[in-house]
Amino acid sequence: MYNSRLDGLTDYPFQRLSALLADITPPADVEPLAMSIGEPQHPAPDLIHEELARHATEWNKYPPTAGTKTYRRAVADWLTQRYSLPTDFIDPDKNTLPVAGTREALFMTGELVVPPEKNGQVPAVLMPNPFYQVYLGAAVMAGAEPVFVPATKDNGFIPDFQSLDGDVLNRTALAYLCSPANPQGSVATLDQLKNAIALARKHDFVLVGDECYSEIYSDTPPPGLIEACADLGDGLGNVLVFNSLSKRSSAPGLRAGFVAGDPDLITKFQRLRSHAGAVQPLPVMAAATALWRDEAHVEANRSLYRQKFDDAENIFGDHFGFSRPAGGFFQWLDVGDSCDATVKLWRDGGIKVLPGSYLSRPGTDGVSPGDQYIRVALVHDRDATKTGLTRMFEILS
């Protein structure tokens with residue numbers, strides 16, 4: 001006896017990658033390099049260790065689902081400063097909630113907002129194609145139909161939800177929008193964000209902004225959904241935004257993030273999460289509070305990524321469809337056949353990347369928008385990354 005919706009879930013991309021490369025041995029004379037997973041390898045800030053030690057006496061306390069007031073205030077202050085929001089636009093007690101990393105919370109959002117049916121039909125969950133696997137899992141386990149909206153070179157790698165038929169939009173319960181995008185690094189403009197919000201309110205669905213790559217960028221800070229809400233001037237209705245310290249602070253193991261937005265949804269999310277028990281221990285929350293209040297380590301972290309993209313630009317030039325992403329730390333390279341290139345890179349150079357075909361589904365035209373790409377994570381130190389990219393270019397050329 002089990003929930004048969006689990007049958008609708010596919011293997012996670014990294015399980016598929018392990019199977020693809022299982023019988024292949026990389027060259028013995030090279031150091032293997034995993035550029036397949038977006039796990040930041042930069043040193044975590046010392047501030048984490050200092051705060052964990054300072055709050056070491058709090059491990060024996062159950063943490064509240066709503067988090068501490070200081071954590072919620074730190075998040076509200078960060079949002080206000082980062083997006084130049086009006087004073088008190090974000091109420092820390094009504095508009096924010098801590099989460100144990102955005103992955104579990106993005107998944108749980110399906111349980112929060114997807115009803116058994118909408119307008120008498122099976123509800124739909126919109127997501128970009130290529131997509132983050134958690135979006136699909138959330139839709140499937142909530143009993144909704146996943147709708148894959150193309151995010152391709154033709155539309156700047158930003159899904160155009162407004163292009164969907166009215167019938168689909170009228171039964172849409174939830175839409176995921178990732179900006180900066182994983183895997184392409186594209187950034188939605190403020191107008192695109194405002195249009196997406198207007199569409200969500202018109203058709204009464206929840207728009208989720210997955211903004212965990214927002215602080216990794218080369219030049220211009222990416223706009224955010226809450227910023228767009230403030231610009232529209234109509235509050236935070238129908239909008240939830242997720243962010244974390246995993247990428248911003250190179251602290252994926254801390255599992256510290258937040259959700260912010262629609263006060264009614266935040267209240268309901270707190271009730272749901274009180275049953276799930278997905279909370280941060282108090283020492284972790286204290287460390288996370290300190291990190292949200294510090295920007296010096298973030299700028300240093302961002303500078304390291306800029307240097308690596310400088311190197312990538314010098315190595316690839318105009319080959320393999322290279323373009324410097326507006327945000328994030330992935331390179332989305334056009335290699336013709338993603339699985340063939342992945343096998344070749346591992347077999348000939350000990351470089352592990354992720355096939356784009358594992359991140360996408362075929363559209364109505366039968367074409368999967370990730371088939372010709374590989375995703376390369378520039379997460380290692382500069383020397384290792386430069387060595388890996390150089391070897392990659394030589395193998396694929």
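The values are calculated or read from the model by the stated rules, or taken from the named source; none is laboratory data. Bear in mind that the values here come from a model prediction, so they are computed numbers and not experimental data. Here the Cβ is made from the backbone with ideal geometry for all residues, glycine too, and neighbour counts use every protein chain on show.
Of all residues in segment 351-360, at least one satisfies being touching a residue at least 40 places away in the same chain (Cβ under 8 Å) and within 30 Å of LEU97 (Cα to Cα).
Candidates in segment 292-314 are the residues that are among the aliphatic types (A, V, I, L, M) and surrounded by fewer than 17 Cβ atoms within 10 Å (Cβ to Cβ); of these, the one that is nearest to the chain's Cα centre (by Cα) is ALA300. Quick check on segment 117-128. Is at least one of its residues in contact with a helix residue (DSSP H, G or I) (Cβ under 9 Å, 6 or more places away or on another chain) and among the small types (Gly, Ala, Ser)? Yes, segment 117-128 contains at least one residue that is in contact with a helix residue (DSSP H, G or I) (Cβ under 9 Å, 6 or more places away or on another chain) and among the small types (Gly, Ala, Ser). Checked against the criterion of being assigned by TED's automatic domain parsing to the domain that holds ILE90 and not aliphatic (A, V, I, L, M), the candidates ARG302, ARG324, ARG273, ARG306 yield just one match: ARG273. Summed over segment 326-350, the residues that are closer than 12 Å to LEU378 by Cα and not small (Gly, Ala, Ser) give a count of 4. Is it the case that some residue within segment 246-253 is at pLDDT below 95 and surrounded by fewer than 22 Cβ atoms within 10 Å (Cβ to Cβ)? Checking segment 246-253: at least one residue is at pLDDT below 95 and surrounded by fewer than 22 Cβ atoms within 10 Å (Cβ to Cβ). Scanning for something touching an Asp or Glu at 6+ places or on another chain (Cβ under 9 Å) and surrounded by 20 or more Cβ atoms within 10 Å (Cβ to Cβ), does segment 151-167 turn up at least one residue? Yes - at least one qualifying residue is present in segment 151-167. Can you tell me which condition LYS268 does not meet? The list is (1) closer than 19 Å to ALA74 by Cβ; (2) in contact (Cβ under 8 Å) with a residue 12 or more places away in the chain, and all the others hold. Result: LYS268 passes all but (1).
So, of the residues in segment 250-275 that are charged (D, E, K, R) and not in a helix (DSSP H, G or I), which turns out to be farthest from VAL208 (Cα to Cα)?
ARG255
For segment 348-391, a residue qualifies if it is among the basic types (Lys, Arg) and either out of contact with any Phe, Trp or Tyr (no Cβ under 6 Å at 6 or more places or on another chain) or in a loop (DSSP other than H, G, I, E, B) (or both), and the qualifying residues are ARG361, ARG382, LYS386, ARG391. Residues in segment 181-233 that are aliphatic (A, V, I, L, M), under 20 Å from VAL168 (Cβ atoms) and in contact with a Phe, Trp or Tyr (Cβ under 9 Å, 6 or more places away or on another chain): ALA196, LEU199, ALA200, LEU207, VAL208. When residues in segment 13-38 are screened for being in a helix (DSSP H, G or I) and of a type in the set (D, E, K, R), 1 of them pass.
Scanning segment 267-288 for residues that are of a type in the set (Val, Ile, Thr) and buried (at least 21 other Cβ atoms within 10 Å of the Cβ) turns up just one, VAL284. Residue count for segment 276-295 under the criterion of being assigned to a helix (DSSP H, G or I) and over 12 Å from ALA66 (Cα atoms): the result is 10.
With respect to being modelled with pLDDT under 95, surrounded by 22 or more Cβ atoms within 10 Å (Cβ to Cβ), touching a strand residue (DSSP E or B) at 6+ places or on another chain (Cβ under 8 Å) and assigned by TED's automatic domain parsing to the domain that holds SER214, ALA138 fits the description.
Here is a yes/no grid of residues against (1) more than 21 Å from the chain's Cα centre (by Cα); (2) more than 21 Å from PRO64 (Cα to Cα):
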{"position": "GLY224", "(1), (2)": "no, yes"}
{"position": "ASP231", "(1), (2)": "yes, yes"}
{"position": "VAL239", "(1), (2)": "no, yes"}
{"position": "SER244", "(1), (2)": "no, no"}
{"position": "LYS247", "(1), (2)": "no, yes"}
{"position": "ARG255", "(1), (2)": "no, no"}
{"position": "ASP264", "(1), (2)": "yes, no"}
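Among the numbered conditions (1) out of contact with any helix residue (DSSP H, G or I) (no Cβ under 7 Å at 6 or more places or on another chain); (2) at pLDDT 95 or above; (3) acidic (Asp, Glu), the only one that GLU215 does not meet is (1). THR70 - would you say it is part of a helix (DSSP H, G or I) and surrounded by 12 or more Cβ atoms within 10 Å (Cβ to Cβ)? Here the answer is yes, as THR70 does meet what is asked.
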